[in-house]
1. Classify the range 77-147 as rounded, prolate or oblate, taking a ≥ b ≥ c as the square roots of the eigenvalues of its Cα gyration tensor: rounded when a/c is under 1.5, otherwise prolate if a/b is larger than b/c and oblate if not.
2. Applying the Karplus parametrisation 6.51 cos²θ - 1.76 cosθ + 1.60 with θ = phi - 60° to the phi angles of the range 211-225, what ³J(HN,Hα) value in whole Hz is obtained for each residue in order, glycine and proline being reported as x?
3. Within the range 1-135, what is the number of lysine pairs with alpha carbons under 24 Å apart, leaving out pairs fewer than eight places apart on the same chain?
4. As an exercise, use a Förster radius of 30 Å and the Cβ-Cβ distance of residue 148 and residue 246 to find the FRET efficiency, rounded to the nearest 0.05.
5. Provide the net charge surrounding residue 322, with neighbours chosen by a C-beta distance below 13 Å and charges set as Lys +1, Arg +1, Asp -1, Glu -1.
6. State the answer as a single residue: which of 36, 73, 104 lies farthest towards the positive end of the charge dipole of the range 32-168, with beta carbon charges of +1 for Lys and Arg and -1 for Asp and Glu, about the Cα centre.
7. Could you give each residue of the range 131-148 its phi-based ³J(HN,Hα) in whole Hz, using Karplus coefficients 6.51, -1.76, 1.60 with θ = phi - 60°, and x for Gly or Pro?
Amino acid sequence: MLQSFFISCSGADREVLKSCSDGEKTKFIGIGGTVFFTAVMAFIASAYALFTVFDTIYIALGFALVWSLLIFNLDRFIVSTIRKRDSFWSEFVQATPRIILALIIAIVISKPLEIKIFEKEINTVLLKEKNAMMLTNKKEVANYFQTDLDKNKSQVDSLKAEILKKEKEVNTLYETYITEAEGTAGTKKLGKGPVFKEKIAKHDLAKAELDTLRKNNLVKIAEAETSTKTIQTDLDKKLTETQPIIDGFDGLMARINALNKLPWLPSFFIMLLFLAIETSPIIAKLLAPKGAYDLKLEDLETALQATITQDKYQRELLVKTSAKMYDKVYEDLATDKDVLKSNYQKAKELLERQAESFVEKQKKTL
């Protein structure tokens, strides 16, 4: 049962192979097994690759099944269409397009498995890239809002500076009228004289201006700080919105790029392994000597080709001979008196009937 299945996978002609030795059957069983297990590897590799894309096991398995059947059909076609010839180089030239196709298939199959094998190393590379992207994103978002933040900060600092300046002015006036009252400065007269009253009036006026300025500036500072909080909230919201995009940076293309940043030698050897697996049926057919199966298959094909060539030649000869015969027949008929007389009589009858018909039509129009 298993041998019959592997023979089917090899694409060999069962009827021809039945009459061959067990050694020939074993060769094609091995080729068919290689084709089958290559398709199995294609299923595993494509399933993992598609799972990283869709994140759904059922969709990945469905597409992987289709892909593995396609690879199986291609490999079976490649192996079954290679014919053994008397010259190795003619066989190699015949197999060259198939080897190129096998190389492409091997690369396609090996790449997802490389990603899975080096998953831990790839995750490390992706983590570094995500951290770098996170820092860059924070910097770009902060730069986007920085102008408004700097504007609000400058406004708040300016308003606070105005209050401090006015407070210094009030404090200076306070010290001036106190020292005037104590007689330690100004007129140096102890007591509350006219100069004292003038200075305290200036102080009270400046104090009133300070209260008004503080009240107005504190309102503006509160508005600026509220605006700053709003901008900071928008900044944090923007970072929160963009973070999932950075966290999701682990798709198939990102992992392939991360794989390319790792040392190339281990990945190269894995690709060579799959290339060897994929091309092994073709290489086996090229290296194997021409066996009984190849000879019998060649005999059947050449016999059919000879029969078709002979039939084609006979049909062409028959057409040429028939054409010459009919040319001769019609040439003789053209000079035969009996045929001429018969055709003359029939033509005469036809003309009489046409005349009668014309007359009847004319009568109907009257």
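1. Numbers: a/c = 6.57, a/b = 3.71, b/c = 1.77.
The shape class here is prolate.
2. Coupling constants for the range 211-225: 4, 5, 4, 4, 4, 5, 5, 5, 5, 5, 5, 4, 5, 5, 5 Hz.
3. Lysine pairs meeting both conditions in the range 1-135 amount to 11.
4. Details: r = 24 Å, r/R0 = 0.81.
After rounding to 0.05, the efficiency reads 0.80.
5. Values: positive: 315, 320, 324, 328; negative: 316, 327.
Its environment carries a net charge of +2.
6. The listed residue farthest towards the positive side: 104.
7. In residue order, the calculated couplings are 4, 5, 5, 5, 5, 5, 5, 4, 5, 5, 5, 4, 5, 5, 9, 5, 4, 5 Hz.
Read-outs: derived from the displayed coordinates by stated rules, not from any lab. Keep in mind it's a predicted model, so treat the numbers as computed, not measured. Note that each Cβ is placed from the backbone with ideal geometry, even for glycine, and that neighbours are counted across all protein chains shown.
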